[in-house]
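For reference, the structure discussed in these notes is given below.
Read the figures in this text as sums done on the coordinates, not as results from a lab. Keep in mind that what you see is a predicted model, and the values were worked out from it rather than measured. Note: ideal-geometry Cβ built from the backbone for every residue, glycine included; neighbour counts use all protein chains shown.
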Amino acid sequence: MPQDHSRDLFKGAFILTIAALATKILSAVYRVPFQNIVGDIGFYIYQQVYPIYGIALALSTYGFPVILSRMIAEEQHPADGHKKINHLIRVSFFTLLIIGVLFFLVFYTGASLLAGWMGDERLAPLIKFISFSFLLLPFLSIGRGYFQGKGNMMPTAVSQVAEQLVRVATILVLSYAFIAQGRSLYEAGEGALSGSLTGGAAAILVLILFISIYREKLIFQGSPAAAEDLFKWARILIFQGMAICISGMLLVLLQLADSLSLYSSLVKSGVPMNQAKVLKGIYDRGQPLVQLGTVVSTSLSLALVPIVTTAFRKGQKAFLEGKMTAALKVSLAAGTGAAIGLINILGPVNEMLFENRDGTGVLQIFSLSILFTSIILTLLGLLQGLGHPYAPMKHIVAGVLLKYMGNLCLVPIWGAAGAAAATVFSLMFVAVFLLLKVKSMFGKTFLSMKFIGEIAWAALVMTIVLQIWLWGGSHMGFMLHGGRASSIILSLVGVGAGGAAYIAVITRRELFQSHEIILLPFGSKLLKLQTKLRKKR
């Protein structure tokens, strides 16, 4: 029985991991064609309001469903479990309905105030529009949390993917149609934001379909729950759900800090309004780059939770510390490789994806955040598996406040580059304190200075290879005319050459043991390569 439960746990975690990765990649990739459709100012308009949707998404995907699933799992007793779960569902639904309505009212009634804080009053209608997404919160959270609590992860996974697919399709189709009709960029932004509602509606329909397929009965009528249970469940749902949400909303909250301070600070420092919008839109190009750059760490953090949880509960300290060491080594290697590699070829990558090389210097600074985000995501997965999902909250809140204050201080001096530097510094702050938290729990450091030095050497070799390629490639005959076509060649070949050089150094110096290499992308192939190199010596 325990083996079956363990197998079900890993199967469910794998399903959710695949779904989460698919949604993350979709969320990053659609921004490229969207920016190409609406331009930098249109991208600025969308990104100013997006963090509000990001909060709603985190609440209905990573926060409340997780807590609700745990509560349902705990209440599944043979005697009266079904009756108690019905009580729990009713209490949770109405609690989440109140939370959703409160969020809706705050953003809807405060839209003008928030738009004024952002420095652009024309954003008020868009903020009002996106506030409706909070009204979907109880339906999405209850559906996902109920199935997860029953150990069935498929409905949650399918609903997440369906939500993103419909949302992305809505964004691209409506933004293209509105621009083609000659409507304003703000109207195109509102059309794009409607994807939050169509996507949420699609997810709800998927959950209803699964309820029908599995013949589940979610009863919202009947005798009331005991007052003691009612307040206990509501308190757990509100406080623990919000705590997990804050831990999972770091990047969204940093984007919100930019929405509230970057454009307004640029204008106050004397930058004309239209130019400030363009600069903010160019700065926001960094968001999809960071999301794509942290895909390895995202998948690693999601996969770590069940592994670390099982080892921790069984008291397998040596195995646990080995997995933690491997995870942090992989996240540092993957984050460093992605960040330094992107910094080297960001000029052509910028033009390949966004049609020009505007803001390349700013985006190069911003790209350093890939390194610290990779480490943070891994640490969050480790802490959740260790039973400390709320520990990072205070560090994340402090990091977001540091980011906001950094914008206010640095943007008037360095412009958008100041905002990029503030992001990097705030993420470094969070990463350092989370590392110290893990160190205090185990009394040891999991990353040695020798390993860090070897990774730095591999990054240097990759940099040399990439700079030689960029210098040589830019002088080749087929590159003479420049433009987007040459940037595509420079970027794609650069990714291959730089990645090969980086991996070659890591493999030749045997920085990872066999069980650690498997955690890397194409790990089995890298393991074979390392074995061949070892035999040749």
* Ranked packing of 356-366, 285-295, most packed first, by mean Cβ within 10 Å -> 285-295, 356-366
* Local charge sum around G385 (other residues, Cβ-Cβ under 10 Å, Lys/Arg +1, Asp/Glu -1)? -> +2
* Structure fact -> Output ordering of 118-124, 265-271, 60-66 (per-residue mean of other Cβ within 10 Å, highest first) is 60-66, 118-124, 265-271
* **Convex hull (Cα only) mean projected area of the range 407-448, reported in nm² to one decimal** => 3.6
* To do: Could you give the size of the charge dipole of the range 381-488 about its Cα centre, using +1 on the Cβ of each K and R and -1 on the Cβ of each D and E, expressed in debye and rounded to the nearest 20?
  => 300
* **Under the Debye formula (equal points on every Cα, no solvent term), log10 I(q)/I(0) of the range 31-189 at q = 0.10, 0.11, 0.15, 0.17 Å⁻¹** => -0.46, -0.54, -0.86, -1.00
* Whole-Hz ³J(HN,Hα) from phi, Karplus 6.51 cos²θ - 1.76 cosθ + 1.60, for the range 384-391, glycine and proline x -> 5, x, 7, x, 10, x, 9, 4
* Asked: Can you sort M393, M249 so the residue with the fewest Cβ neighbours within 10 Å comes first?
  -> M393, M249
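When Lys and Arg each count +1 and Asp and Glu each count -1, what net charge do the other residues less than 13 Å away from F433, Cβ to Cβ, add up to?
+3
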* Local net charge near L123, Cβ-Cβ under 15 Å (Lys/Arg +1, Asp/Glu -1) -> -2
* Just list whichever of K268/K403; K317/K394; K84/K150; K329/K439; K329/K528 have alpha carbons separated by over 22 Å in the model shown. => K317/K394
* Among I127, I413, rank each residue by its count of other Cβ atoms within 10 Å, from fewest to most, as a rough exposure measure. => I413, I127
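Sort the following peptides by mean Cβ neighbour count (other Cβ atoms within 10 Å, averaged over residues), highest first: 26-36, 100-110.
Answer by packing, highest mean first, reads 26-36, 100-110.
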* Taking the range 122-274 and dividing mean pair separation by its residue count, relative contact order in percent (alpha carbons under 8 Å, at least six apart) -> 24
* **Virtual spin-label span in nm between L105 and K314, 7 Å along Cα→Cβ** => 5.0
* To do: Determine ³J(HN,Hα), in whole Hz, for all residues of the range 378-383 in sequence, where each value follows from phi through the Karplus function 6.51 cos²θ - 1.76 cosθ + 1.60 and θ = phi - 60°; x replaces Gly and Pro.
  => 5, 5, 5, x, 5, 5
